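Peer 1: Would you mind keeping the following structure in view while I ask a few things?
Just so it is clear, none of the values below were taken in a lab; they were calculated from the coordinates. Please read all numbers here as calculations on a predicted model, not as lab measurements. Ideal geometry is used to build each Cβ from the backbone, glycine not excepted, and the neighbour counts take in all protein chains shown.
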Amino acid sequence: MTTAIATAGNAAGPQPAVARAGWARQAVGLPEARWALAATALFAAGGLAQLAGAPPAVWWLLYLACYAAGGWEPAVAGGRALRAGTLDVDLLMVVAAVLAASIGQVLDGALLIVIFATSGALEAVATARTADSVRALLTLAPETATRLRPEGGEELVEAASLAVGDRVLVRPGERVAADGLVDEGVSEVDEAGITGEPLPALKQPASHVFAGTLNGTGALTVRVTREAADSAVARIVALVEEASATKATAQLFIEKVEQRYSVAMVLVTLALLTVPLALGAAFQPTLLRAMTFMIVASPCAVVLATMPPLLAAIANAGRHGLLVKSAPVMERIGTVDLVAFDKTGTLTEGTPRVVAVRPLAPSGLSENALLRLAAAAERSSEHPLARAVARAADERGIGLPEATGFRATPGQGVRAVVDGHDVTVGSAAVLAHGAPRAVRDAATAAAAQVESHGQTALHLVVDGVPLAVIAVADRLRNEARATVGRLAGTTGRPPVLLTGDAALPARAVAEAAGITSVHARLLPAHKAEHLREAQSAGATAMFVGDGINDAPALATADVGVAMGRHGSDLALQTADAVIVRDDLSTLPAVVALSRRARRVVVANLVIAGTFIVALSTWDLVGHLPLPLGVAGHEGSTVIVALNGLRLLRSSSWQEAAGEESRR
C-alpha cells in the first residue's frame with residue numbers, strides 16, 4: 001500500500017517548502033480517513049441490507065457506492081504511479097475487487113476495498129505531522145526587542161532585524177530576543193527549553209544567553225553574538241528537519257516487495273490470457289482461468305498478515321497508556337536494542353522537591369520549625385526552589401506566618417522578616433559573615449555533602465546565624481529503576497542517559513536509576529549526535545524525552561518516545577510514540593508486545609504464502625474452480641486476520657509483559 005512519509009515536526013520559518021509539505025500531508029490524511037469511514041459505513045449498510053433480504057439491487061448499489069468511496073483514491077494514485085512507470089498493490093487490489101464484482105463476488109470485493117481504504121487512512125492520519133509545534137518553537141523568541149542606540153536611548157525593533165554587535169535590553173519577565181553575552185546586569189534565566197536544566201541559571205556579565213529563554217527578576221543588557229537564523233532555537237528547528245528528512249521511511253514487508261510482486265502477478269495473468277488464446281484456446285474459459293489466478297494470487301492475505309497484528313498491538317498498547325503513531329513504528333519497536341533517556345521530566349518527575357532538612361548544631365529547632373521559617377520567607381517568590389520549600393511545608397501541614405519586607409536577589413536568594421526575625425534563604429552567598437567561623441564552616445560542609453549527591457543546597461540564615469541546610473532535588477520516578485533494569489534485560493544492552501543537566505545531578509539520578517553510562521551538559525545537537533554514533537555502530541536506538549531540547553534526538557532516533565503529560569508540543573509532535581500517563585513501565589512491555597506482533601506477522605506470512613502458492617499452482621497446472629479459488633483466498637484472509645486480532649486481548653499485553661519480566 002502507499003506509505004505516507006512520517007516526518008516529525010516539519011516546520012515553517014526557515015523552510016517554507018518543508019512547511020507546505022507538512023500541511024499537504026495533513027490535508028491528505030484527514031480526507032483519507034473520511035473516505036475510509038464512508039466506505040466502511042456503506043459496506044456495513046450493504047451487508048445489513050443483504051441479511052435483511054432486501055432486493056439485490058439495493059445491496060448491490062450500496063456495495064458499489066462502497067467501491068467508489070474507498071477505491072477512487074487508490075485507483076487515482078495507482079494510475080499516477082502507472083503513468084510514472086511503476087505498479088503498486090493498491091491498483092491491483094482495486095482491479096481484483098472489480099473483477100470479483102464482475103463475477104458476482106461483490107461482497108468479497110467490497111471487503112477488500114474497505115480493508116485497504118481503512119489501513120491506508122490509518123497510516124496517513126497516524127504519520128501526518130503538522131508544522132504547528134515547530135512554529136510555536138520559533139515564536140519562543142519574541143517578535144520584537146528593545147535595542148539600545150549607540151548614541152543613547154532605546155528603540156523597539158523586530159527581533160529578526162537584530163545584527164551581531166547590537167545591544168538589547170531584557171526586562172524582568174521578558175524572553176531574550178537573541179543569542180548573546182550579558183554586558184550588564186544580574187538575573188536568573190530559565191533555560192530548560194534549550195539546555196534541559198531544571199533550575200534557572202544565574203546570568204551576569206560575560207554569561208551566555210539564548211534566544212527564547214525566560215528572564216527572571218533582574219534586568220539584563222545583552223550584546224547580540226548570533227543573528228536570528230543562527231540562534232539556538234533556529235538550530236533546533238534545523239536539526240529536527242534534517243533528522244526528519246534523512247530518517248529512513250519505515251516500510252512494512254508487503255511495501256518492500258509490492259513492486260516486484262505486482263509486476264510478476266500482472267505478467268503471469270497476461271500470459272495465462274494471451275498465450276492460450278494465441279494457441280487457439282476458447283476465450284471464455286481462458287479469461288476465467290486468468291481471472292481466477294489474479295484473485296487467488298492477489299496479496300490480500302499477505303497485507304492482512306502484516307497490518308492486523310500491528311494495528312491490534314497499537315490498540316492494545318493505547319489501552320495501557322502508550323500511543324504508537326503508526327504500524328511501521330510498532331514493527332520497528334521490536335527491533336530496538338539501545339534505549340537512551342533524557343533526565344529531567346523523563347526519568348525524574350521534573351519538579352524540585354525538598355528531600356531533607358539538616359539542622360546545624362546551634363539551631364535548637366526541629367526540622368518543621370526550621371522549614372516553617374524558610375517557607376514563610378520563600379512563599380512570595382516564584383523561583384522553583386522557593387516553590388519546592390513552600391510545597392514541603394504544605395505537605396507537612398505546617399502553618400506559615402506572615403512575612404514582611406520581602407526582597408529577592410538574583411543568584412543569592414530571598415530575605416524577609418518572619419515572626420520578628422531576619423530570615424534569609426539562598427545560596428552560599430547568604431551566609432552571614434558575623435556568625436562564628438565554626439558555624440559557617442559547618443554550614444559549608446553540610447552543603448558540600450548535599451551537593452555531592454547531586455542535590456541543591458539552600459542555606460537558612462536567621463538573624464545572621466546559619467541554622468540549617470535544606471536539600472532540594474528532582475525526584476526519580478517510582479518505576480524508573482525497575483524499567484531501566486527490565487529494558488536492559490529485554491534489549492540486551494543497558495540504557496544510557498543523555499542530558500543537558502550538570503554532571504553531578506545527572507550522575508546522581510543515573511545511579512539511582514541503575515544507569516552506568518551518563519553523558520551530561522549536552523546541547524540538543526549533541527544528543528542527536530550521540531544517537532547517530534550508536535546507529536552508525538549498528539544499534540537500533542530508542543530515545544525517551546519530553547522537552548523542546550529533546551526534539552532533535554526524538555527525530556534522529558529509530559523510535560522517539562515522548563512523555564505525554566508534561567511533554568512540550570514539539571516533543572509530542574516529533575515523537576513516534578507517546579507515553580500518555582508518563583508511566584515508564586509501559587516501555588519494556590511495548591517492546592515485548594512488538595516482538596510478539598512481529599512473530600505473529602511471520603506466522604501469518606507463512607500461512608498466506610502457503611495458500612497463495614498452493615492455489616496459484618493448482619490454477620496453473622490443473623483446473624481450479626473459481627468458487628473454490630475464491631473460498632480458499634478468502635479463507636486464508638480470514639485466518640490471518642483473526643490470528644492477528646488475537647493481539648487485541650488485554651491478556652496479550654500481560655503475557656508480553658510477563659515474557660519480558662522473565663528474561
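Peer 1: Specify which residue in the list GLY153, HIS208, VAL170 is farthest towards the positive end of the charge dipole of region 142-230, using unit charges on the beta carbon of Lys, Arg (+1) and Asp, Glu (-1), about the Cα centre.
Peer 2: Result: GLY153, furthest along the dipole toward the positive end.
Peer 1: Along its three principal axes, how long is region 142-230 when you only count alpha carbons? Whole Å, largest extent first please.
Peer 2: Ordered largest first, region 142-230 gives principal extents of 37, 26, 20 Å.
Peer 1: Here's a follow-up. Between beta-carbons, use under 13 Å as the cut-off and find the net charge around ALA393, counting Lys and Arg +1, Asp and Glu -1. Write out the running numbers ahead of the final one.
Peer 2: On the way: positive: ARG353, ARG372, ARG379, ARG387, ARG391, ARG396; negative: GLU367, GLU378, ASP394, GLU395.
So the environment of ALA393 carries a net charge of +2.
Peer 1: Suppose R0 equals 41 Å; then what is the FRET efficiency for ALA229 and ASP463 from their Cβ-Cβ distance, rounded to the nearest 0.05?
Peer 2: Numbers: r = 54 Å, r/R0 = 1.31.
The value I calculate is 0.15.
Peer 1: Can you give the charge dipole size of region 325-452 about its Cα centre, rounded to the nearest 20 debye, using +1 on the beta carbon of Lys and Arg and -1 on the beta carbon of Asp and Glu?
Peer 2: 140 debye
Peer 1: If you stretched the chain out fully between ARG407 and ARG149, how much longer would it get, using 0.36 nm times the residue separation minus the C-alpha to C-alpha distance?
Peer 2: 89.7 nm
Peer 1: Pull up all non-local amide H partners of THR213: gap of 5 or more, or a different chain, and H-to-H distance under 5 Å with H placed in the peptide plane.
Peer 2: VAL176
Peer 1: Shape of region 349-475 from its Cα gyration tensor (a ≥ b ≥ c, root eigenvalues): rounded if a/c is under 1.5, otherwise prolate when a/b > b/c, or oblate? Provide the component values of the computation, followed by the final result.
Peer 2: Details: a/c = 1.38, a/b = 1.06, b/c = 1.30.
Rounded, since a/c falls under 1.5.
Peer 1: How much length is gained if the chain between VAL417 and SER366 is pulled fully straight, taking 0.36 nm per residue apart and subtracting their Cα-Cα distance, in nm to one decimal?
Peer 2: On the way: separation 51, 0.36 × 51 = 18.36 nm, distance 1.96 nm.
Length gained, VAL417 through SER366: 16.4 nm.
Peer 1: While we're here: Collect residues whose amide H, placed 1.01 Å from N in the peptide plane, falls under 5 Å from the amide H of THR351; neighbours closer than 5 in sequence don't count.
Peer 2: When sequence neighbours closer than 5 places are left aside, the close amide H contacts are ARG475.
Peer 1: Can you tell me how much longer the chain between ARG319 and HIS566 gets when fully stretched, taken as 0.36 nm per residue apart minus their C-alpha distance, in nm with one decimal? Let's see the in-between values first.
Peer 2: On the way: separation 247, 0.36 × 247 = 88.92 nm, distance 1.95 nm.
That pair, ARG319 and HIS566, stretches by 87.0 nm at full extension.
Peer 1: On to the next question. Using amide H atoms built in the peptide plane, which far-off residues or other-chain residues are under 5 Å from LEU322 H to H?
Peer 2: Distant-sequence amide H within range of LEU322: VAL580.
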